[in-house]
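One structure is given below, encoded as structure tokens.
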Amino acid sequence: MKRSLVIVGAGLGGCFLADQLAESWDVTIVELGSRSTQLQQQLRDADKAAITYPHVGSGLGGTTTVWHNGLIEVDETVFQQKWPFPKAELAQYYKQAFQKLAGVCQDDIIQEIGVLRQKLNAFGLPKNLLGLGLYYPRRRINVWHALALKKRVKIIKGEVVDLMPGDSAEIHHLIIKCGNQTVDLAGDVFVLAAGGLGTPLLLQKMAETLTLPALQQAGLHYEDHPSAFVGDVVLDEPLYKLWNFPVASAKGNLRLPLVVQQDGLLISFQLRPASQFRMGPPRNRVKSVLNQLRNEPFKLRNYFRLLSHGDDVLEILSFKYGIRLPTRHYSLLMVAEQPPSNDCAVWRDQQSQAIYRKWNLSPSYVSSLQKSIQQVLLLLGDKVKSATIFTGWLESAFSSSHHSGTARMANTPTQGVCDPNGLVFGMKNLYVCDGSLIPASGYANTGLTIAALALRMATHLRAVH
Ligand SMILES: Cc1cc2nc3c(=O)[nH]c(=O)nc-3n(C[C@H](O)[C@H](O)[C@H](O)COP(=O)(O)OP(=O)(O)OC[C@H]3O[C@@H](n4cnc5c(N)ncnc54)[C@H](O)[C@@H]3O)c2cc1C
């Protein structure tokens, strides 16, 4: 008789775990469903607005229905300082996860990262400024489809609204709202994979009836990666061949962010063709000339004006259409580590039922970010011929939608919700397997790490249950 595993959420973490256990366990996934925009509509920002919309996805595949599929590991130093186990424990799972998310062997990409590192160094970018490789497969995948889960697992479309404990620190069944009906679902092991914003809500609901110290931390320690185009940079020579490096051996592109350490945080920067940015002065000028051209196509003067912005036009062609023409103008995109919030940052308002995310960028944090911008320019040295930092970059800073930390792993229940295996402290059969489990990610997108953690959890569940 197979053991039964109930997973809440068919997103990145949930699908990876289900894929691993589908043959040996009786797996059921409960998912809100793709037609339901419930989650997105209920989300509100209590402090800084996300700007990114939608900043969460639902349905089969979860947020991978809308993501960009950029893959990067978390830096070794972040594990050393902020994780309850060393990075080496995740190494084999990173490799497996990479293969599944990119369709290519990670070792091949690691080789290409070495090549790109050398090229960027020869170009004049200091070695100590170059971070880990960020790989974008040309085709984005939805994990549900890529892992071919249809018919391998049972799916229940509905919203899990509560978890009911039985005797002796175990969950006995879930309560699911399916339309107007309420359904109970029992199981042997339960895994919350409802995402960094969904999982803490369920744990908070549990805390209303169950006194467990770890549950008091659900929704705390929230992290995202605030991102912003912070300025325009003119380099001494074109970087157009290297900023989004095509990988010859695979269908994808590679970027090496520039990374600085500031006040204990890792802040990354990308130099991207400047047409990406909408606010800066040169592109506004091009836009206005293009508008005039559209309105007055027979006025020769407008064509001459466009030619006088030749550099900017080349950048637009380069970024938007992959036509790689020499350009020296780049936007500086910042993607920053965020210190975990001390207060509860995710909660449901009982009256309106809205879900709130409080994304607080404190003045001291913003000051660290300001300093990091100066630092990266300083380290780029003579490579930068001129730089304009936008005074209003903070207002347009947006969420990277890497919702994490809200049920983080830790060594003790006073530091986090889950133990290093993802088991909720004080429970015997309740696990967390999504972004909320991640204790810290530095400047790295979290998708690859969520998948690696799910693979590691599958090994644990096979061994223990
Ligand atoms: C626009 C965008 C671009 C991104 N690009 C990248 C990128 O390039 N690289 C990267 O690494 N990351 C990227 N991300 C982030 C990445 O997609 C997420 O970090 C990742 O998908 C989160 O996985 P998860 O398992 O934590 O949750 P999710 O994938 O969000 O899955 C959670 C699932 O649980 C379901 N659910 C929630 N509550 C309940 C409930 N009560 N009952 C039943 N089901 C429930 C939801 O509907 C959802 O399907 C991006 C995100 C966005 C929005």
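The values are calculated or read from the model by the stated rules, or taken from the named source; none is laboratory data. What you are looking at is a predicted structure, and each value in this text was computed from that prediction instead of being measured. Note: ideal-geometry Cβ built from the backbone for every residue, glycine included; neighbour counts use all protein chains shown.
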**OP:** Would you be able to tell me the number of residues in the stretch 390-446 that are within 12 Å of the ligand (Cβ to nearest atom) and surrounded by fewer than 24 Cβ atoms within 10 Å (Cβ to Cβ)?
**Re:** 4
Original post:
Residues of the stretch 199-230 being touching a helix residue (DSSP H, G or I) at 6+ places or on another chain (Cβ under 7 Å), of a type in the set (G, A, S) and touching a residue at least 24 places away in the same chain (Cβ under 8 Å), which ones?
Top reply: A218, G219
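Per-residue answers, yes or no, for (1) outside the structural domain of L192 (by TED's automatic domain parsing); (2) of a type in the set (S, T, Y); (3) closer than 25 Å to D184 by Cα:
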{"residue": "R3", "(1), (2), (3)": "no, no, yes"}
{"residue": "F16", "(1), (2), (3)": "no, no, yes"}
{"residue": "D19", "(1), (2), (3)": "no, no, yes"}
{"residue": "V27", "(1), (2), (3)": "no, no, yes"}
{"residue": "V30", "(1), (2), (3)": "no, no, yes"}
{"residue": "Q41", "(1), (2), (3)": "no, no, no"}
{"residue": "R44", "(1), (2), (3)": "no, no, no"}
{"residue": "T52", "(1), (2), (3)": "no, yes, no"}
Original post:
Are any residues in the stretch 217-245 part of a strand (DSSP E or B) and within 30 Å of A407 (Cβ to Cβ), and if so, which ones?
Top reply: E223, S227, A228
**OP:** Determine if the stretch 134-143 includes at least one residue that is in a strand (DSSP E or B) and farther than 30 Å from L116 by Cα.
**Re:** no
Original post:
In this structure, does I156 turn out to be within 14 Å of the ligand (Cβ to nearest atom) and over 17 Å from G57 (Cβ atoms)?
Top reply: yes
Original post:
Can you tell which of S341, S268 is at pLDDT 75 or above and assigned to a loop (DSSP other than H, G, I, E, B)?
Top reply: S341
**OP:** Mind counting the residues in the stretch 447-462 that are more than 12 Å from the ligand (Cβ to nearest atom) and either free of Cβ contacts under 8 Å to residues at least 24 places away in the same chain or out of contact with any strand residue (DSSP E or B) (no Cβ under 8 Å at 6 or more places or on another chain) (or both)?
**Re:** 6
Original post:
Do you know which residues across the stretch 55-82 are more than 18 Å from I155 (Cβ to Cβ) and within 6 Å of the ligand (Cβ to nearest atom)?
Top reply: H55, V56, V66, W67, H68, N69, G70
**OP:** Find all pairs meeting these conditions: Cβ atoms under 6 angstrom apart; at least six residues apart or on different chains; first residue within the stretch 1-29 and more than 13 Å from the ligand (Cβ to nearest atom); second residue of a type in the set (S, T, N, Q).
**Re:** D26/S4
Original post:
Out of A194, A186, A146, which single residue is under 30 Å from Q350 (Cα atoms) and crowded, with 16+ Cβ neighbours inside 10 Å?
Top reply: A194
**OP:** Could you check the stretch 1-73 for strands (runs of 3 or more DSSP E) lying wholly inside it with 2 or more residues that are over 22 Å from the mean Cα position of the chain (by Cα) and more than 26 Å from R357 (Cα to Cα)?
**Re:** 4-8, 26-31
Original post:
Taking the stretch 439-465, which residues are within 25 Å of G187 (Cβ to Cβ) and β-branched (V, I, T)?
Top reply: I450, T459, V464
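With respect to L149, determine if the residue is among the aliphatic types (A, V, I, L, M), in the same structural domain as A248 (by TED's automatic domain parsing) and touching a residue at least 60 places away in the same chain (Cβ under 8 Å). Steps first, please.
Numbers: among the aliphatic types (A, V, I, L, M): yes; in the same structural domain as A248 (by TED's automatic domain parsing): no; touching a residue at least 60 places away in the same chain (Cβ under 8 Å): yes.
So L149 does not fit the description; no.
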**OP:** Could you tell me which numbered condition L163 fails, if it satisfies all but one of (1) within 13 Å of the ligand (Cβ to nearest atom); (2) among the aliphatic types (A, V, I, L, M); (3) touching an Asp or Glu at 6+ places or on another chain (Cβ under 9 Å); (4) farther than 30 Å from N244 by Cβ?
**Re:** (3)
Original post:
Restricted to the stretch 188-208, and to residues that are of a type in the set (A, V, I, L, M, F, W, C) and not in a strand (DSSP E or B), which residue is nearest to the ligand (Cβ to nearest atom)?
Top reply: A194
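Which residues, taken from the stretch 119-131, are of a type in the set (A, V, I, L, M) and either in a helix (DSSP H, G or I) or surrounded by fewer than 19 Cβ atoms within 10 Å (Cβ to Cβ) (or both)? Let's see the steps before the verdict.
Going residue by residue through the stretch 119-131, those that are of a type in the set (A, V, I, L, M) are 120, 122, 125, 129-130.
L120, A122, L129, L130 - these are the residues of the stretch 119-131 that are of a type in the set (A, V, I, L, M) and either in a helix (DSSP H, G or I) or surrounded by fewer than 19 Cβ atoms within 10 Å (Cβ to Cβ) (or both).
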**OP:** With the checklist (1) within 14 Å of the ligand (Cβ to nearest atom); (2) under 30 Å from A397 (Cα atoms) in hand, flag the one item G231 doesn't pass.
**Re:** (1)
Original post:
If you check S372 against the conditions, is it assigned to a loop (DSSP other than H, G, I, E, B) and either more than 16 Å from the ligand (Cβ to nearest atom) or touching a residue at least 12 places away in the same chain (Cβ under 8 Å) (or both)?
Top reply: no
